[in-house]
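As structure tokens, the structure follows; a few thoughts come after it.
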Amino acid sequence: MQKIDLIKIYKRKTALVVDDYPDMRGSIRRMLVNFGVETVDMAANGEEAIQRCEEKHYDIILCDYNLGESKNGQQILEELRYRNLLRNTSLYMMITAETTRSMVFGALEYQPDEYLTKPFTQGVLQKRLDRLVLEKEALYEINQAMDQLDFERANALCDQYINASTRFEQKCYRIKAKCLYEKQRYDQSREIYQKMLHERSVDWAEIGLGRSLIALGELDQAEALFEKLVDDGCLSLEIYDHLADIRNRKGDVAGAQGLLEKAIEISPNAILRQRHLAEISEDNADWVRAEKAHRRVVKLGAHSCYEEPENYFKLARCISTQLRESDVKDSRRLRDAEDVLNRARRRYSNNEQVLLQSEIINATVYADAGQLDESARRIAALEQRIERAARPPAGLFLDVVKTYRALGQHDKATAILKDLAAKYEDDEAVCDAIDRLAEEPLSRRGKEQAIELNREGKVLFADQNYQQAIGLFDQALKHYPNNIAVNLNLLLALVKEMSSSGASRRHVERCDQLIKNIDHMDSGHTLYERFTVLRSHVDKLRAAAH
């Protein structure tokens, strides 16, 4: 292409330069004007950059990574994508003077179109930008269709480019495979990735193939592929996320946690991965690691589009859980939780629902810290505010349930959960949260899973496969920790195993924990007689274990 033609393309483009140093902003602006760009706006920080993008569409965004105390370049890119303010037809180039490992991996995780290290000359910038601008121009129609979520049209346009054997043929295959994946045509996306890999090994095709295999349920093949990528030193940390997903699906929660920890060690500033690690660590009952991840989420959220009150609430709940499970009620930990909740109140001082929910969680913290009278006083003082609250979210009531449960007021907790199950019967996420707290499944999906769980358990008990039954119900308990039937089935499996193979102190201690979980059961409960029988068996096995 002639230089004059490239200048004409630049002439049609709009650009935004984001840098906290005026001299640098001016220097980059002059370079862009020399390339032919006539409209070049500037922003000195992240907030200003987001505001500019809200007001106007830009074809080219050149953004410094380090912008002082405001959002960094990675967080700007993250928010632009989250809010659909950055089109596929646009390009985003990250510019930075930093070369630390965590920064580089963090920036690359969000896949900017280009990454340029300071200092650089006009010639270096133009060479990189020319290539990107020409590609965006050539594939404009395809990217426009992607912006409109018209994957069928994007797919058809890719076929036209591929048949014409253009220089962007491989890029078109990559987009086509993505379109097919988004349309849930996983067999076809797998075929394209395999075709690309047959020609030459490229990381994006390996990762795409692995994702397609996961979607098709072929977990073993996907696992082997991602493990090979790790061994080969692939720089994309996405592979750890997919491996963790596979391990978690297979019931290896500890393995999933370990993989996420490895990725976070390399790139600690990925807020969504930190959030996922916190959740996995909680499933694995590793509360110390969960707290560390939650704290990181709160810190990273300060300038992120993922900043929300729930980040603070999850951290406070995590500390509260540790207080509940500890024999020593450390007043310093109670103050830690209160400090987190006070930070949430200051951050969202004008949000009445946040203020109310933080007070409810605070009442739970006091109960978990063993200060039951203070907890009861606090929740009683909040009951009228809860009744008057305008359209409170389900999460607020779930925290009320936790407080009542911590105070031993199980009837009140159950009544709220039943009411929530009726109101949110079509909300899968809320129903899952309800069933996690409930003593019996209340949602339609929870009831179906309970039936299937009991069916599998009966088969294992009939075959005297008690070890596998222990694994089955132990895994179920991680999802439904308060479910009385699951607790009792795991208790039965442990008793059967010890009766068959001999009593062990480890199994007896596990039984004691299960008994403690459901010791509040009323004598009128339909499962109470079964509970008393199993508890007497545990007493006998305890004596044998010693």
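The values are calculated or read from the model by the stated rules, or taken from the named source; none is laboratory data. Everything numeric here is computed off the predicted structure, so don't read it as measured data. A quick note on method: Cβ atoms are made from the backbone with ideal geometry, for glycine too, and the neighbour counts reach across all protein chains shown. Note: areas computed on protein heavy atoms with side chains; ligands, DNA, RNA excluded. Shrake-Rupley method; radii C 1.70, N 1.55, O 1.52, S 1.80 Å.
Can you order the peptides 360-368, 426-434 by their average number of other Cβ atoms within 10 Å per residue, highest first?
On the way: 360-368: 26.1, 426-434: 16.2.
Descending mean neighbour count gives 360-368, 426-434.
Determine the per residue accessible area of the chain with all protein chains present and a 1.4 angstrom probe, expressed in square angstrom. List each step's numbers first, then the result.
On the way: 27040 Å² over 546 residues.
Value for the chain: 50 Å² per residue.
Spatial offset of the range 155-180 relative to the range 341-418 amounts to 54 Å, using the alpha carbon center of each.
For the range 479-533 versus the range 199-216, the spacing of their alpha-carbon centroids is 45 Å. With contacts taken as Cα pairs under 8 Å and at least 6 residues apart, the range 1-118 reaches a relative contact order of 23 percent.
In the structure shown, the pairs LYS262/LYS329; LYS262/LYS299; LYS447/LYS478; LYS71/LYS176; LYS228/LYS250 are assessed against 22 Å; a Cα-Cα span above that value is assigned to LYS262/LYS329; LYS71/LYS176.
Using Cβ point charges alone (K and R +1, D and E -1), the dipole size of the chain about the Cα centre works out to roughly 520 debye. Over the chain, Cα pairs under 8 Å with separation of 6+ residues give a relative contact order of 6 percent. Sorted on the mean count of surrounding Cβ atoms within 10 Å across their residues, most packed first, peptides 155-161, 238-244 read 238-244, 155-161. Checking (i) 27.1; (ii) 24.0; (iii) 23.4 against the coordinates, the calculated Kirkwood radius over Cα pairs in Å falls under label (i). Straight-line reach from LYS127: taking Cα to Cα under 22 Å and skipping same-chain neighbours fewer than 8 places apart, the lysines in range are LYS3, LYS8, LYS11, LYS13, LYS118, LYS136, LYS171.
Taking amide H as placed 1.01 Å from N in the peptide plane, LEU91 has its amide H under 5 Å from the amide H of ILE60, ILE61, each at least 5 places away in sequence or on another chain. For the chain, the list of Cys residues with no other Cys C-beta under 4.7 Å reads CYS53, CYS63, CYS179, CYS234, CYS305, CYS318, CYS431, CYS511. As a fraction of the 1.4 Å probe accessible area of the range 161-225, surface on carbon and sulfur atoms comes out at 39 percent.
Could you work out [θ]222 nm for the chain from helices alone, using -39500 (n - 2.57) per DSSP H run of at least four and dividing by all its residues? Round to the nearest 500 deg cm²/dmol. About -22500 deg cm²/dmol.
Run the numbers on the range 407-494 and let me know its relative contact order in percent, using alpha-carbon pairs under 8 Å that are six or more apart. Before the final figure, lay out each step's value.
Values: 80 pairs, mean separation 23.2, N = 88.
Worked out over the range 407-494, it gives 26 percent.
When you count the other C-beta atoms within 10 angstrom of each residue and take the mean per peptide, 451-458, 468-475 line up highest first as 468-475, 451-458.
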